[in-house]
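Working notes for the structure below.
Readers should treat all values here as calculations from the given coordinates under stated rules, not as data from a laboratory. This structure is a prediction, so every number in the text was calculated from the model and none was measured. Note that we place each Cβ from the backbone using ideal geometry, even for glycine, and neighbour counts take in every protein chain shown.
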């Protein structure tokens with residue numbers, strides 16, 4: 001049981017390049033999330049998906065797009081990377097109500113934009 | 001708007017000493033509150049949630065609605081407790097969690 005798996009783990013991009021972070025969960029969860037973690041800022045929600053086929057903006061969506069490909073997979077795309085997007089990105093999944101279920105996090109993807 | 005405040009970025013204690021990590025929240029409704037922990041080189045994981053009123057690894061947290069606080073406490077800190085701790089709020093049972101900025105706890109030998 002792998003839980004939440006995200007790839008790649010490390011990536012260096014040049015300003016203006018594009019890339020997609022992949023995320024998959026094997027727990028049959030409805031909800032999936034993308035957070036970014038920055039020093040002194042905690043975790044901030046970029047986008048989330050409450051169910052297959054739906055996506056909604058979080059706190060810091062600018063510069064990102066997402067795709068909920070199916071129930072298992074939720075990808076995050078940077079169309080034109082900027083140095084401000086240097087961060088650690090976490091994918092997560094949960095059942096619909098965090099009250100009754102836990103949010104499970106991936107191991108993180110370290111992205112550097114130069 | 002919902003907000004979670006963790007006033008201490010860094011907290012350092014000695015092994016065996018009591019530790020309290022502070023968390024205050026701002027939310028007009030009935031909040032669901034959680035503590036998450038991230039050990040070095042590991043993924044973020046749930047430590048405890050207020051609804052369960054549980055004690056995990058010796059940690060407890062009590063929701064104080066009057067003070068809008070959810071402080072995390074442990075009577076005797078251990079070196080393995082050194083980690084990053086995040087307080088989080090789920091507004092009205094929403095799917096989304098709002099996180100505080102985190103407190104880095106260091107337990108010195």
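Per-structure values
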read-out: Some residue of the range B:63-73 being farther than 25 Å from residue A:36 by Cα, within 14 Å of chain A (Cβ to nearest Cβ) and surrounded by 13 or more Cβ atoms within 10 Å (Cβ to Cβ); value: yes
read-out: Selected residue (criterion: farthest from residue B:105 (Cα to Cα)) from residues of the range B:1-23 that are part of a strand (DSSP E or B) and within 14 Å of chain A (Cβ to nearest Cβ); value: B:3
read-out: Some residue of the range A:59-82 being within 10 Å of chain B (Cβ to nearest Cβ), closer than 23 Å to residue B:2 by Cβ and touching a strand residue (DSSP E or B) at 6+ places or on another chain (Cβ under 7 Å); value: yes
read-out: Residues satisfying the stated conditions in the range A:47-71, i.e. touching a residue at least 40 places away in the same chain (Cβ under 8 Å) and within 12 Å of the chain's Cα centre (by Cα); value: none
read-out: From B:34, B:14, B:76, B:59, residue being touching a strand residue (DSSP E or B) at 6+ places or on another chain (Cβ under 9 Å), over 25 Å from residue A:34 (Cβ atoms) and crowded, with 17+ Cβ neighbours inside 10 Å; value: B:59
read-out: Any hit, the range B:43-50, residues being in contact (Cβ under 8 Å) with a residue 12 or more places away in the chain and more than 12 Å from chain A (Cβ to nearest Cβ); value: no
read-out: Qualifying residue in the range A:42-58 (condition: at negative phi, surrounded by fewer than 22 Cβ atoms within 10 Å (Cβ to Cβ), facing another protein chain (nearest Cβ under 10 Å) and out of contact with any strand residue (DSSP E or B) (no Cβ under 8 Å at 6 or more places or on another chain)); value: no
read-out: The range B:13-46, residues that are over 26 Å from residue A:110 (Cβ atoms) and more than 13 Å from the chain's Cα centre (by Cα); value: B:13, B:14, B:15, B:16, B:17, B:18, B:26, B:27, B:28, B:29, B:30, B:31
